[in-house]
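Participant: Pasting a structure below so you can have a look.
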Amino acid sequence: MLFRSPTATARTSGYAVDIETCTTCTLENVTLNNGDLSGLRLASSVHTYIHNLQISNFFANGAFLINNQDLRLNGLSCMNNGDACFETSWYDSEFTAHAIPCEDITASNIRSYNDVEAILINSCHNVSVAGFSSSGSAKESVFIGQDPSTTTAQWPDRISISDGTIYGSGYGSNTLNSTTAQALYINVGAAPGSGFISHIAVSNIVA
């Protein structure tokens, strides 16, 4: 299935595909190209499966995944998006509305080319990403942390990132390139309690 919009012009509202409160849903073999916000928004859903998704030329995320529980993704390819290729995040407003936490997420076979970030994990629990490549990310290729807008009651925990390659962070063709971009960034600036985080495993990454 191919969704193709007119050439994106500005970062405004709207998603090519917007799914919320879905149970036991499958999204397979979808190509999304051009848009003013994110390609896919999946929010407050449980027991969902995404396979073979291609997203390019959006002003925000490729896949914007908010407060999902038991999400399995295998096969995501992104190019030239203005935020992360794969973002899984906790948002307080979504939890208030639907009481679905951001947890139990597995992702594999992610390919990111000239996106702002390849992988962004914000305040979710029990997340595993295995098998990815990032080339030419404009900013940090992998971000694990807490968005400043998220309550300090939530913090990333039990995160595993493995079997990946990172090349040319800050040196791709994305217009948002920062030459001080890091391959891996763990944000502890707003950590709750004593100010440290734990239960993060990073293994077999070549950068």
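The values are calculated or read from the model by the stated rules, or taken from the named source; none is laboratory data. Computed from a predicted structure; not experimentally measured. Glycine also receives a Cβ, built like all others from the backbone with ideal geometry; neighbour counts cover every protein chain displayed. Surface areas here come from the heavy atoms of the whole protein model, side chains and all, with no ligands, DNA or RNA. Shrake-Rupley method; radii C 1.70, N 1.55, O 1.52, S 1.80 Å.
Participant: Can you tell me which residue within segment 179-203, out of those that are open to solvent by less than 40 Å² (accessible area, probe 1.4 Å) and of a type outside the set (A, V, I, L, M, F, W, C), is modelled with the lowest pLDDT?
Facilitator: So, considering only residues that are open to solvent by less than 40 Å² (accessible area, probe 1.4 Å) and of a type outside the set (A, V, I, L, M, F, W, C), the one modelled with the lowest pLDDT is Gly195.
Participant: Going by the structure shown, is Ala84 under 16 Å from Gly39 (Cβ atoms) and surrounded by fewer than 24 Cβ atoms within 10 Å (Cβ to Cβ)? Let's see the steps before the verdict.
Facilitator: On the way: under 16 Å from Gly39 (Cβ atoms): yes; surrounded by fewer than 24 Cβ atoms within 10 Å (Cβ to Cβ): no.
The answer is no for Ala84.
Participant: Same structure, new question: Of the conditions (1) at pLDDT 95 or above; (2) aromatic (Phe, Trp, Tyr); (3) open to solvent by less than 50 Å² (accessible area, probe 1.4 Å), Phe58 clears all except one; give me its number.
Facilitator: Every condition holds for Phe58 apart from (1).
Participant: Please identify the pairs in which a residue from segment 95-114 that is within 28 Å of Ser56 (Cα to Cα) has its Cβ atom under 7 Å from the Cβ atom of a residue that is surrounded by fewer than 22 Cβ atoms within 10 Å (Cβ to Cβ) and of a type in the set (D, E, K, R), counting only partners at least 6 apart or on another chain.
Facilitator: Asp104/Asp70; Thr106/Arg72
Participant: Now for a separate question. With respect to Asn52, is the statement that it is under 16 Å from the mean Cα position of the chain (by Cα), at pLDDT 95 or above and either within 25 Å of Ser169 (Cβ to Cβ) or not in a loop (DSSP other than H, G, I, E, B) (or both) true?
Facilitator: Details: under 16 Å from the mean Cα position of the chain (by Cα): yes; at pLDDT 95 or above: yes; either within 25 Å of Ser169 (Cβ to Cβ) or not in a loop (DSSP other than H, G, I, E, B) (or both): yes.
When the stated conditions are applied, Asn52 passes them.
Participant: Checking the condition surrounded by 22 or more Cβ atoms within 10 Å (Cβ to Cβ) and more than 20 Å from Asn29 (Cα to Cα), which residue from Ser93, Ser89, Ser112 passes?
Facilitator: On the way: Ser93 fails: surrounded by 22 or more Cβ atoms within 10 Å (Cβ to Cβ); Ser112 fails: more than 20 Å from Asn29 (Cα to Cα).
None of the other options fit; the residue is Ser89.
Participant: Can you pull out the residues in segment 157-172 that are in contact with a strand residue (DSSP E or B) (Cβ under 9 Å, 6 or more places away or on another chain), surrounded by fewer than 19 Cβ atoms within 10 Å (Cβ to Cβ) and more than 16 Å from Ile110 (Cα to Cα)? Quick ask: steps written out before the conclusion?
Facilitator: In the first step, residues of segment 157-172 are kept if they are in contact with a strand residue (DSSP E or B) (Cβ under 9 Å, 6 or more places away or on another chain); the result is 157-169, 172.
Retained after the next criterion (residues that are surrounded by fewer than 19 Cβ atoms within 10 Å (Cβ to Cβ)): 157-158, 160, 162-163, 165, 167-168.
The answer is Asp157, Arg158, Gly168.
Participant: Take the conditions at pLDDT below 90 and either surrounded by fewer than 16 Cβ atoms within 10 Å (Cβ to Cβ) or over 17 Å from the mean Cα position of the chain (by Cα) (or both) and apply them to Gly145. Does it pass? Can you show your working first?
Facilitator: Working: at pLDDT below 90: yes; either surrounded by fewer than 16 Cβ atoms within 10 Å (Cβ to Cβ) or over 17 Å from the mean Cα position of the chain (by Cα) (or both): no.
For Gly145, the condition - at pLDDT below 90 and either surrounded by fewer than 16 Cβ atoms within 10 Å (Cβ to Cβ) or over 17 Å from the mean Cα position of the chain (by Cα) (or both) - is not met.
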